[in-house]
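What follows is a short report on a single structure.
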Amino acid sequence: MGEKCGIFGIFGKGLEAARLTYFGLYALQHRGQESSGISVSNSHQITTHKNRGLVTQVYTERVLKKLKGYMAIGHNRYSTSGGSILRHSQPVAAKDDVVSLCHNGNLPQTQKLSQFLSSKGFSTSGKNDSELMQLVIRYFLSLGLSLEKAIIKSFPLFTGAFCLLVMTKDKIAAVRDSCGIRPLSIGVLDGGYVFSSETCAIDTVNGRYLRDIKPGEMIVVSIRGLKSYSLEKPNQKLDIFEFVYFSRPDSLLLGKRVYEMRKNLGKALAKEYPI
């Protein structure tokens, strides 16, 4: 599975969540061109649309009008050598509308997840890391746990790099692994909140960047407001490729503009190796 994906989420009463997510994903198109998807909720029902192709190809005006709600999460998937597999496109959502999940990253080891789910009677055959994470969160939700408690229970089973947006009918949770290998930021827009792999997408929807979500942190937003949880001690190790290759030049990473960082790296290189 490729790990350079783009995720975007928005929560806010009165906001056209699906349309704003469309523009957010368009701004993150450089992070994945294989497939795209959006899950939206109106607090009563989760509706998901996803397909192979670029953002402008996956969503038409007719599709966007059907995706009604004030909260949404979206995903652009990175193309891999294995080709485009619609079955693995995201958000990961089931027909029961309990929970939808978007993942940017890669879990090189999924034994813990598979063993846990198998012990509960679930089949894990053919499921990738993102689908296993969604399934285990869904399991804890089925026990009557809240979204935040379900993620807290699931978190120790996640081994690797992950930035997650997880949505139920009335909440969105943003989660980052303890090393912060992939970027994830939060902003504000018209009294609501925006989550994005990169700050450039927050700018695109006229949001105001607040801060990066901390490594090992979970932020949960609902109509009651926003709450932060520390799930694990932070050990910041952002992938250097985010600065030199993955991210857009106008994004902020670790509080630094990517363009300026690249320029400064060039200056440092010129001093080390004069021509």
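The values are calculated or read from the model by the stated rules, or taken from the named source; none is laboratory data. Given the structure is predicted, the values throughout are model-derived calculations rather than measurements. So basically every Cβ, Gly included, is an ideal-geometry build from the backbone, and we count neighbours across all protein chains shown. Accessible surface is based on the protein model in full, side chains and every heavy atom, while ligands, DNA and RNA are left aside. Shrake-Rupley method; radii C 1.70, N 1.55, O 1.52, S 1.80 Å.
Structure above, values below:
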{"item": "Residue satisfying all of: in the stretch 2-19; open to solvent by 20 Å² or more (accessible area, probe 1.4 Å) and either among the basic types (Lys, Arg) or under 15 Å from the mean Cα position of the chain (by Cα) (or both); modelled with the highest pLDDT among these", "result": "19"}
{"item": "Residue that is surrounded by the fewest Cβ atoms within 10 Å (Cβ to Cβ) [pool: residues in the stretch 220-260 that are among the basic types (Lys, Arg) and in contact with a Cys (Cβ under 6 Å, 6 or more places away or on another chain)]", "result": "237"}
{"item": "Pair list, Cβ < 7 Å and 6+ apart or interchain, from the stretch 250-265 residues that are within 19 Å of residue 196 (Cβ to Cβ) to residues that are open to solvent by 80 Å² or more (accessible area, probe 1.4 Å) and in a helix (DSSP H, G or I)", "result": "250/259"}
{"item": "Residue check for residue 57: modelled with pLDDT of 95 or more, open to solvent by 60 Å² or more (accessible area, probe 1.4 Å) and touching a strand residue (DSSP E or B) at 6+ places or on another chain (Cβ under 9 Å)", "result": "yes"}
{"item": "Qualifying residue in the stretch 114-133 (condition: aliphatic (A, V, I, L, M) and touching a strand residue (DSSP E or B) at 6+ places or on another chain (Cβ under 7 Å))", "result": "yes"}
{"item": "Residues within the stretch 114-134 that are free of Cβ contacts under 8 Å to residues at least 60 places away in the same chain, open to solvent by less than 20 Å² (accessible area, probe 1.4 Å) and either under 24 Å from residue 228 (Cβ atoms) or under 16 Å from the mean Cα position of the chain (by Cα) (or both), tallied", "result": "3"}
{"item": "Only listed residue being closer than 25 Å to residue 46 by Cα, in contact with a Gly (Cβ under 9 Å, 6 or more places away or on another chain), open to solvent by 30 Å² or more (accessible area, probe 1.4 Å) and modelled with pLDDT of 95 or more, chosen from 188, 205", "result": "188"}
{"item": "Members of the stretch 141-163 that are over 20 Å from the mean Cα position of the chain (by Cα) and either in contact (Cβ under 8 Å) with a residue 12 or more places away in the chain or closer than 28 Å to residue 33 by Cβ (or both)", "result": "142"}
{"item": "Selection count where residues are more than 22 Å from the chain's Cα centre (by Cα) and within 23 Å of residue 6 (Cβ to Cβ), scope the stretch 238-264", "result": "4"}
{"item": "Any pair with Cβ under 8 angstrom, 6 or more apart, that starts in the stretch 1-30 at a residue that is closer than 14 Å to residue 189 by Cα and ends at one that is surrounded by 24 or more Cβ atoms within 10 Å (Cβ to Cβ) and hydroxyl-bearing (Ser, Thr, Tyr)", "result": "8/21; 8/196; 8/197; 9/21; 9/196; 10/21; 24/196"}
{"item": "Pick from the stretch 189-237, criterion part of a loop (DSSP other than H, G, I, E, B), more than 14 Å from the chain's Cα centre (by Cα) and of a type in the set (Gly, Ala, Ser), ranking: farthest from residue 10 (Cα to Cα)", "result": "216"}
{"item": "Residue match in the stretch 39-54 (condition: modelled with pLDDT of 95 or more, small (Gly, Ala, Ser) and on the phi < 0 side of the Ramachandran plot)", "result": "yes"}
{"item": "Pairs with Cβ under 8 Å, 6+ apart, first in the stretch 49-76 and β-branched (Val, Ile, Thr), second open to solvent by less than 70 Å² (accessible area, probe 1.4 Å) and part of a helix (DSSP H, G or I)", "result": "55/22; 55/25; 55/29; 73/21"}
{"item": "Among residues of the stretch 87-113, those that are open to solvent by less than 30 Å² (accessible area, probe 1.4 Å), among the hydrophobic types (A, V, I, L, M, F, W, C) and touching a strand residue (DSSP E or B) at 6+ places or on another chain (Cβ under 8 Å), counted", "result": "6"}
